[in-house]
Each structure stands twice: as C-alpha cells, then as structure tokens.
1. Please report the net charge: other residues with Cβ closer than 10 Å to the Cβ of PHE438, K and R +1, D and E -1.
2. Determine by what factor the alpha-carbon radius of gyration of the chain differs from 2.2 N^0.38 Å, reporting the quotient.
3. Under 5 Å between amide hydrogens, which residues at least 5 positions from LEU184 or on another chain qualify, with H placed 1.01 Å from N in the peptide plane?
4. Show me, for segment 243-257, the HN-Hα J-couplings you get by feeding each phi into the Karplus relation (A = 6.51, B = -1.76, C = 1.60, θ = phi - 60°), rounded to Hz, glycine and proline as x.
5. For ILE331, which sequence-distant residues (separation of 5 or more, or a different chain) have an amide H within less than 5 Å of its own amide H, given hydrogens modelled in the peptide plane?
6. Taking the DSSP beta bridges in the chain as the whole, what percent of them are antiparallel, to the nearest 5?
7. Kindly state, as a whole number, the per residue volume in cubic angstrom of the convex hull around the alpha carbon atoms of segment 159-202.
8. If you plug each phi of segment 223-233 into the Karplus form 6.51 cos²θ - 1.76 cosθ + 1.60 with θ = phi - 60°, what whole-Hz ³J(HN,Hα) values come out, in order, with x for Gly and Pro?
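Please treat every number below as a calculation from the coordinates, not as lab data. Quick caveat: nothing in here was measured; it's all calculated off a predicted structure. Here Cβ is always computed from backbone atoms with ideal geometry, including for glycine, and neighbour counts include all displayed protein chains.
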Amino acid sequence: MTQLRQDKQAPQRAATAPGVPTRVLAAKVLAQVIGRGRSLKAELAKALPTLDDSRDRALLEALCFAVLRRRGAYDAALAQWMQRPLGVREDELRALLLVGFAQLDALELPAHAALSATVDAARAMGRDRQAGMVNALLRRAQRDGIPAQPARAAFPDWMAGMIEQDWPEQAEDVFAASLQPAPLWLRVNRQHGSREAVLEQLAAAAIEAEASPLCSDAIRLPVPVPVAALPGFAAGALSVQDLSAQQVADALAPRPGARVLDACAAPGGKAAHLLERDPSLQLLALDIDPRRLKRISETFARTGVGAQARVLAADAAAPDSWWDGQPFDCILLDAPCSATGIIRRQPDVLVHRRPADIEALVALQARLLDACFRMLAPGGTLLYATCSILREENQFQIESFLQRTPRAGFLPLGEAFGHDSWAGRQRLPGEEGADGFFYARLLKKG
C-alpha cells in the first residue's frame, strides 16, 4: 500500500523538480504549434506569464525556437532510432522528445540536467510508462549526436525551391541565416534624446551596443538582454525594432506636416517611428483587425506619440467604407506577406505556410496596392514593403502594378536598402545583421 501511494505521488514530485514546468510548457506549446497549426507567438503569449522566473521564460522561448529551427533533423533522428513511430495522439510526448534533443543539440545544456528534467517532465505529464523510452532516446542523442542535415532540409520543399529559383546564388546563405537566432535591434526615440546619449547609457549599464551606419536611429546589441534591463525602455526612449523595419522611415521620408496613412499599422512600431522623427505629421494608423488596435494604442502611449495620431479599425482595401476622400501625401503599405524574410523570428512559418497561401497573399497585396494608390495625392509617395524574400510578392508584384497603373512611377532607393530588384530593393535574411525585407517607393504622377 505504501509503495502504491508513492507511485501515485511520483508525477507530483516530478512536476515540482527544478526546470520541469518549463519543459512541460515547451512540449505543450510545441504540440499546439506543430500538431494543431497554432501560432507560436500566440501560444507563447499565453504560456510565458505562467512562469515567474525570467530565466525560465527565456528558456521556454529558446526551447521552442530551437525545436522549430531544427525540427527536420530531430524528426529524422526519431524515425531512425525508434522501432515503432509514436501514434497520432502522442503530440505532446513527441514534442517533449524534440525539446530534449534541442537541449543537448542546439542549446548545449548540461546533459545530466537536461536528461533528468526532461524525464521528470514526462512523468509530470502522466507518461510514467514512457519515461524509460524518453531517457533511452535522449541518451542516444547524447552519445551519438543528432544526425547532420543541411539547412535547406528545415524548409518545405516548395518554399526552398522558390527561394533557390529567386536567389540562386544566395539561397544557401538564406537557409543558414534563417535558422540562426536574430540579434536585438533597438530604435532610439528622438523625442527623448540622441543615439549617442543612449549608447553612453548602455555602456554605463555594461550593455554592449553598436550604432548602425544604415539608419540614424538604430542600435544593435550583439548579446540580447531583457527589455526591462534597457535604460529608458519603460519610458519610451527605446523600442525593439529590427534594422530593416526601421529603414521604412528613411524610405518613406514624409515632408514635415504631411498627411500620412499607415495602411496595415499593427502593432504600430513603424507609425510610432515616423512620429518620433516628426510629431507634426498628420498620421492615421489603420488596421483591419479591431483587436490589434489595442497594440497600436499601447505602442503609441509608451513612446509618447499618441496625441499626434489617429487609430482606426478599417480595411485599407475597401476605402469607400471609411475614407473621407481627402488624399494622403504619403502612404505606408506594409503588406501582409509570407514572412519568409523573418523566419529567424517566426520559425513556425516553416510549419504553417502552404503554397496556396502565396497565391492568396499576392492577390490581397494587389488589391491593397490599387486601393491605397487611389487614396494617394498627385505627387505623393507610396512605400510598398514586405518581410518576404519571394519575388512573386515583391518585384513581380510591383512590375504588375506599374503595368496596369498608368499614373504610377517609382523612385529608386539606394544600396543601403539591399539588392537591386528592378523598381525596388531587397535585403535578404542576415545581411547587415537584419531581417529579410523588400521596399518599393512609388510615385503618383500629377
């Protein structure tokens, strides 16, 4: 009887062991992302607040990102090492095994702690009968290592093929860079002080930082730190934003006091950047999803630009339902896209994206371009931007738009924005330490 009581209490003891709740959460998040098609960002947003320790939160994120980046190699190892594959209802157990592999492989955690915590996590999940199997597989990974795979193997064949077709000389670098952790980029709020002053504050806090010559507000941290440790972040003096996204403000470059539309504004970082540079802008931040307006308003409030902007839930592709007919001097169309340029930040793109998505996105982008150009004043500028690296969404999209729009022309952008891509510029993932991004600056002829 005593032994029976001890066995029933084993999962409870395992669940409270150090590091176990984090592994259990990682397995549950990944099971939702991989098995049920959920968004990694959304699942982490629910899971992270349940962990009190910032180190545990950082580990949870690192585990999930590492698994998604190396999932192909880990799945191949399971297929090679298991006599019988796991059943279709074993999503969480399979995800836990991948979490175990990631600890030994990508994160290089101490093997004893990784094995112990992961086996205890299996017990905490009610998998006592499979705990021995988990232990054996992780010991195999520790002894033999995860079989090597090229970076391309992490990508769906159709996506890898498109990248190779569009960027034959750079494709291997794109695959490799997309699977690496991204550096932390910061944007300096000019309303709070200069970049030089911020660099001095970061140095005083023993935070390594370097200014980018490509954007006057950008600072790169080679070693990321929690945002709470950044001097001035809470007060809005700094924001987290990749270099490529910051360069949108340089590419659009509205004149002082201009009437500006950010057509797909959430979460509001690019609009806030424009207003930090020039509070005199008459800016309307638009987003089709009313739930995302809260994110925009929070961004504006933290950075102190809320008084200069309007926020509206509306569809930029259907202006007749909301537009007052007064043309805009500048329009930013940061269009919905495949996100193939930011896989290092959103590795679940490798899981969720399908070929049919590209066709649907291209059609939506075309509708948005046509509608936004209609709202642009003669002589005005429309900046089309995506975080995609696929020519179908970028160069070919702009070629098609210019062919069907007689009054449209384009204004060339310089080498600071990436590779020449006919009417636009394309940065590929990892170049200058930045995300993959496309820019095309369009002009409405008078």
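1. +2
2. Its radius of gyration relative to the 2.2 N^0.38 Å reference: 1.08.
3. It is LEU221, by chain and number.
4. Once rounded to whole Hz, the list reads 3, 4, 5, 5, 5, 4, 5, 5, 6, 6, 6, x, 6, x, x.
5. HN-HN under 5 Å from ILE331: LEU261, THR381, LEU382, LEU383.
6. 60 percent
7. 128 Å³
8. For segment 223-233, the Karplus curve yields 10, x, 10, x, 4, 5, 8, 7, x, x, 5 Hz.
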